[in-house]
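Here the structure is laid out as structure tokens; the discussion comes afterwards.
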Amino acid sequence: AQSVSQHNHHVILSEAASLELGCNYSYGGTVNLFWYVQYPGQHLQLLLKYFSGDPLVKGIKGFEAEFIKSKFSFNLRKPSVQWSDTAEYFCAVNKNYGGATNKLIFGTGTLLAVQP
Amino acid sequence: EAQVTQNPRYLITVTGKKLTVTCSQNMNHEYMSWYRQDPGLGLRQIYYSMNVEVTDKGDVPEGYKVSRKEKRNFPLILESPSPNQTSLYFCATSGTGRRGEQYFGPGTRLTVT
């Protein structure tokens, strides 16, 4: 079945540590890729997105992600995390039907806890 | 200010008592969608709407109904709620050409006892 996989369910880091969260998808063809963040008690906010072009995309708050087509991956990275990055992170995929659909398929999420 | 609003934000109800969760957006977006979020399962789509009077089932539609009579509103209806519908619900919207990028409402935490 077509799906989005996030391999890390819980990640605990100390402040200033580097972060990499994995995301793999199983759709063929052209896709649009997203990372959303959900801070405790809040709604989902867009962190970054990839549609086309440079496979290394930069988002808000120092986050970046790299699209590797051959690996069907879109991993999220941050060189140095802060306590305020404590949140749940969701990878999501939109299958590009020429804009005919806006459906997102979400991964199960990664809960990141950053210890001060 | 671009907004997606949901009401109520919190609701505790009993099995079988019909309820409606409202969703409203001010961005003139065509696409609206409902998701439920459960621990370990991420977000799963319940229903979506491509435009007024156009709705379709998502991945977990059982036990839910929707309607889209106006472009800005997309209410979620639980005719006879059951405890397995206890969840966190999010409404989301997207406009033409957004390629799936969605804007989320603040969420509605529903508990069915």
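Some points to look at:
- Per-region count, the range A:20-48, residues under 8 Å from the mean Cα position of the chain (by Cα) and of a type in the set (G, A, S): 1
- Given (1) out of contact with any His (no Cβ under 9 Å at 6 or more places or on another chain); (2) of a type in the set (K, R); (3) within 17 Å of A:L44 (Cα to Cα), number of the condition B:K69 does not satisfy: (3)
- Flag for A:F90 being at negative phi and either of a type in the set (D, E) or within 10 Å of the chain's Cα centre (by Cα) (or both): yes
- Leading residue by the ranking (most open to solvent (accessible area, probe 1.4 Å)) among those in the range B:82-97 that are within 14 Å of chain A (Cβ to nearest Cβ), touching a residue at least 24 places away in the same chain (Cβ under 8 Å) and in a loop (DSSP other than H, G, I, E, B): B:T96
- Flag for B:F74 being within 11 Å of chain A (Cβ to nearest Cβ) and surrounded by 18 or more Cβ atoms within 10 Å (Cβ to Cβ): no
- Residues in the range A:49-62 that are over 11 Å from the mean Cα position of the chain (by Cα) and within 12 Å of chain B (Cβ to nearest Cβ): A:F51, A:S52.
- Scanning the range B:25-42 for residues that are at positive phi and either within 13 Å of another protein chain (Cβ to nearest Cβ) or buried (at least 17 other Cβ atoms within 10 Å of the Cβ) (or both) gives B:G40, B:G42.
- Residue in the range B:15-24 that is open to solvent by 60 Å² or more (accessible area, probe 1.4 Å), in contact (Cβ under 8 Å) with a residue 40 or more places away in the chain, of a type in the set (V, I, T) and over 25 Å from A:G41 (Cβ atoms) present: yes
- In the range B:43-66, the residues that are within 13 Å of chain A (Cβ to nearest Cβ) form Cβ pairs under 8 Å with partners that are open to solvent by 50 Å² or more (accessible area, probe 1.4 Å) and aliphatic (A, V, I, L, M), at six or more places apart or across chains, as follows: B:D56/B:M50.
- Residues that are closer than 20 Å to B:G100 by Cβ, of a type in the set (S, T, Y) and open to solvent by 40 Å² or more (accessible area, probe 1.4 Å) within the range A:15-39 comprise A:S26, A:T30, listed in sequence order.
- The residues listed here are A:I12, A:I68, A:I105; of these, the one that is in contact (Cβ under 8 Å) with a residue 60 or more places away in the chain, surrounded by fewer than 18 Cβ atoms within 10 Å (Cβ to Cβ) and of a type outside the set (S, T, N, Q) is A:I12.
- Verdict on A:L111 being closer than 15 Å to B:R99 by Cα and within 11 Å of chain B (Cβ to nearest Cβ): no
- Filter result for B:T108 (farther than 18 Å from B:K18 by Cβ and not basic (K, R)): no
- Residue count for the range B:98-113, restricted to those that are farther than 28 Å from A:N32 by Cβ and open to solvent by 30 Å² or more (accessible area, probe 1.4 Å): 3
The values are calculated or read from the model by the stated rules, or taken from the named source; none is laboratory data. Treat the numbers as computed from the prediction; the structure is a model and nothing was measured. Every residue, glycine among them, receives a Cβ derived from its backbone with ideal geometry; neighbour counts consider all protein chains shown. Quick note on the areas: whole protein, heavy atoms, side chains included, nothing else; ligands and nucleic acids left out. Shrake-Rupley method; radii C 1.70, N 1.55, O 1.52, S 1.80 Å.
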